[in-house]
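The values are calculated or read from the model by the stated rules, or taken from the named source; none is laboratory data. Bear in mind that the values here come from a model prediction, so they are computed numbers and not experimental data. Cβ: placed from backbone, ideal geometry, glycine included. Neighbour counts: every protein chain shown.
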Amino acid sequence: MTISNEEELRLLREIGRIVANVLAAMGKAIEPGMTTGELDAIGRRLLEAEGARSAPELIYAFPGATCISVNEEIAHGVPGRRRLMRGDLVNIDVSAEKDGFFADTGASFFVPPASKATERLCRDGRRAMWAGIGAVGAERPLSGIGQAIGAFARKNRYTLVRNLASHGVGRSLHEAPTEIATWPDRSERRVMKEGMVFTIEPFLSTGAEWAEDGDAPWTLLSEPRAPTVQYEHTLVVTRTGALVVTLAD
């Protein structure tokens, strides 16, 4: 969507605040031995308390309030009986709707204690996302986002998953602008316009370049198998840069 007035921005920021707070609370709740289903239940309760509805359930009939992906799973993990173990890498994706507006956010966490390599990957995954956010601005090329993230990945010897892209959001979970690459894409010719709303969500890895279907429905796995993290914010394009709406209180 494209923001056209202050009321739309207020409502978008409200759902952005909600999903950000839910994500932060779920991350803090992670502990060894809990199931991903138990972690998802925390997210569901917090969304319902705010009067928000899970977007993947609402739009796609996804079997969970949030997506929780563990280790080799990198996206769309279905919450269930899987128990979290010490050292696991856990990605949580929270998207929701309230009053007709949608916001989407995500982050990767580790179940302590974690290796130094895992801690570094998580730190750098967040840095990669912010590199892309730093390229946002009205009348700037959309390709600048992927170029900035790609430069960060090359400098720090990471790979990027190249078939999971960022996307427009606001009036629906996925809308125009579609397929925003978080890797260098020479074919991208679009220009960012003031008020555009979309996500930035790079998948940074120590070796993976693709996401592929696993044996279970929904869940995507890294290919080749390698530790992979994802960090995601929803933002609005302004003349001076990005206005991030998915920040926790």
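Worth a mention:
- Qualifying residue in segment 36-52 (condition: without any contact (Cβ under 8 Å) to a residue 12 or more places away in the chain and on the phi > 0 side of the Ramachandran plot): no
Okay, residues lined up against (1) within 16 Å of the chain's Cα centre (by Cα); (2) of a type in the set (A, V, I, L, M, F, W, C); (3) modelled with pLDDT of 95 or more; (4) within 16 Å of Ile145 (Cα to Cα):
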residue: Met196; (1), (2), (3), (4): no, yes, yes, yes
residue: Thr199; (1), (2), (3), (4): yes, no, yes, yes
residue: Phe203; (1), (2), (3), (4): yes, yes, yes, yes
residue: Ala208; (1), (2), (3), (4): no, yes, yes, no
residue: Ala211; (1), (2), (3), (4): yes, yes, yes, no
residue: Asp215; (1), (2), (3), (4): no, no, no, no
residue: Thr219; (1), (2), (3), (4): yes, no, yes, no
residue: Arg225; (1), (2), (3), (4): no, no, yes, no
residue: Thr228; (1), (2), (3), (4): yes, no, yes, no
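- Residue in segment 182-197 that is under 30 Å from Asp88 (Cα atoms) and either small (Gly, Ala, Ser) or not in a loop (DSSP other than H, G, I, E, B) (or both) present: no
- Test: residue in segment 185-197 that is within 29 Å of Ala117 (Cα to Cα) and surrounded by 15 or more Cβ atoms within 10 Å (Cβ to Cβ): yes
- A single member of Ser143, Ser172, Ser95, Ser115 is over 16 Å from the mean Cα position of the chain (by Cα), closer than 26 Å to Met192 by Cα and of a type in the set (Ser, Thr, Tyr), and it is Ser143.
- Candidate set from segment 104-159 (those that are of a type in the set (A, V, I, L, M, F, W, C) and assigned to a loop (DSSP other than H, G, I, E, B)); member that is surrounded by the fewest Cβ atoms within 10 Å (Cβ to Cβ): Ala138
- For segment 2-43, a tally of residues being surrounded by fewer than 17 Cβ atoms within 10 Å (Cβ to Cβ) and either touching a His at 6+ places or on another chain (Cβ under 9 Å) or of a type in the set (Lys, Arg) (or both) returns 2.
- Top-ranked residue in segment 20-69 [being of a type in the set (Ser, Thr, Tyr) and assigned to a helix (DSSP H, G or I); ranked as nearest to Leu173 (Cα to Cα)]: Tyr60
- For segment 80-109, residues that are of a type in the set (Phe, Trp, Tyr) and under 20 Å from Pro63 (Cα atoms) total 1.
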